[in-house]
Amino acid sequence: MAEANWYVVHTYSGYENKVKANIEKTIENRHLEEEILEVRVPMQEVMEMKNGARKNVQKKMFPGYVLINMVMNDDTWYVVRNTRGVTGFVGPGSKPVPLSEAEMKPLGIKVENVTVDFAEGDTIAVVAGVWKDTVGVVQRMDYGKQTATINVELFGRETPVEISFAEVRNLQ
């Protein structure tokens with residue numbers, strides 16, 4: 001299988017999140033999880049002054065662009081290129097050019113994969129992040145995104161939560 005790379009897709013301004021949702025829905029419908037691994041709209045936290053009060057808000061780093069980690073072939077190119085709101089890939093002509101490691105580093109995208117010593121059904125403890133000190137059973141593993149989905153009790157209900165591999169530790 002070919003190697004996945006990060007590509008930049010140009011979208012209509014303001015449609016970035018809609019394009020992300022549409023591509024993720026298409027991935028699910030066409031079962032392309034092994035070929036289109038991740039879709040991102042890079043965000044950054046910015047301090048804004050509104051009515052004399054400071055407020056931290058999330059802003060798009062690159063309005064009009066979406067990043068996609070995918071294996072480039074005719075099928076994936078067609079799916080992404082023909083998504084509503086996408087105007088094309090970034091690159092000369094119709095040939096998409098993948099991002100280099102140097103270009104990805106400032107975006108906070110890590111190339112190296114984290115190896116884990118747990119699998120679906122194992123009990124894990126969250127050791128960092130928002131869900132720190134939470135214990136849960138792994139329901140799903142996503143090696144492309146480097147995340148595990150666990151169920152946590154929230155307001156008296158079991159709720160699925162996605163946790164980064166780097167934030168968890170195996171309890172077994």
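Can you pull out the residues in region 133-172 that are touching a strand residue (DSSP E or B) at 6+ places or on another chain (Cβ under 7 Å), of a type in the set (Ser, Thr, Tyr) and closer than 26 Å to Ile68 by Cβ? Scanning region 133-172 gives Thr147, Thr149, Ser164. Selection of region 122-149 for residues being out of contact with any Phe, Trp or Tyr (no Cβ under 8 Å at 6 or more places or on another chain), within 23 Å of Val39 (Cα to Cα) and in a strand (DSSP E or B) yields Gln139, Arg140, Met141, Asp142, Thr149.
Residues are listed down the side, and each one gets a yes or a no for (1) at pLDDT 90 or above; (2) over 20 Å from Val19 (Cβ atoms); (3) open to solvent by 20 Å² or more (accessible area, probe 1.4 Å):
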residue: Gln58; (1), (2), (3): no, no, yes
residue: Val79; (1), (2), (3): yes, no, no
residue: Asn82; (1), (2), (3): yes, no, yes
residue: Val86; (1), (2), (3): yes, no, no
residue: Val97; (1), (2), (3): no, no, yes
residue: Glu101; (1), (2), (3): no, yes, yes
residue: Leu107; (1), (2), (3): no, no, yes
residue: Lys110; (1), (2), (3): no, yes, yes
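Where strands (runs of 3 or more DSSP E) fall entirely within region 1-98, those with at least 2 residues that are of a type in the set (Lys, Arg) are at 53-60. Val130 meets each of the listed conditions (1) open to solvent by less than 80 Å² (accessible area, probe 1.4 Å); (2) under 27 Å from Asn69 (Cα atoms) apart from (1). Checking the structure you have, find out if any residue of region 22-29 is open to solvent by 50 Å² or more (accessible area, probe 1.4 Å), touching a residue at least 12 places away in the same chain (Cβ under 8 Å) and farther than 26 Å from Pro106 by Cα. No, because not a single residue in region 22-29 is open to solvent by 50 Å² or more (accessible area, probe 1.4 Å), touching a residue at least 12 places away in the same chain (Cβ under 8 Å) and farther than 26 Å from Pro106 by Cα.
Consider Glu45 carefully, then state whether it is under 19 Å from the mean Cα position of the chain (by Cα) and open to solvent by 90 Å² or more (accessible area, probe 1.4 Å). When the stated conditions are applied, Glu45 passes them.
The values are calculated or read from the model by the stated rules, or taken from the named source; none is laboratory data. It should be emphasised that the depicted structure is a prediction, and the values quoted were computed from it without experimental measurement. We place every Cβ from the backbone using ideal geometry, glycine too, and count neighbours over all the protein chains shown. Surface areas here come from the heavy atoms of the whole protein model, side chains and all, with no ligands, DNA or RNA. Shrake-Rupley method; radii C 1.70, N 1.55, O 1.52, S 1.80 Å.
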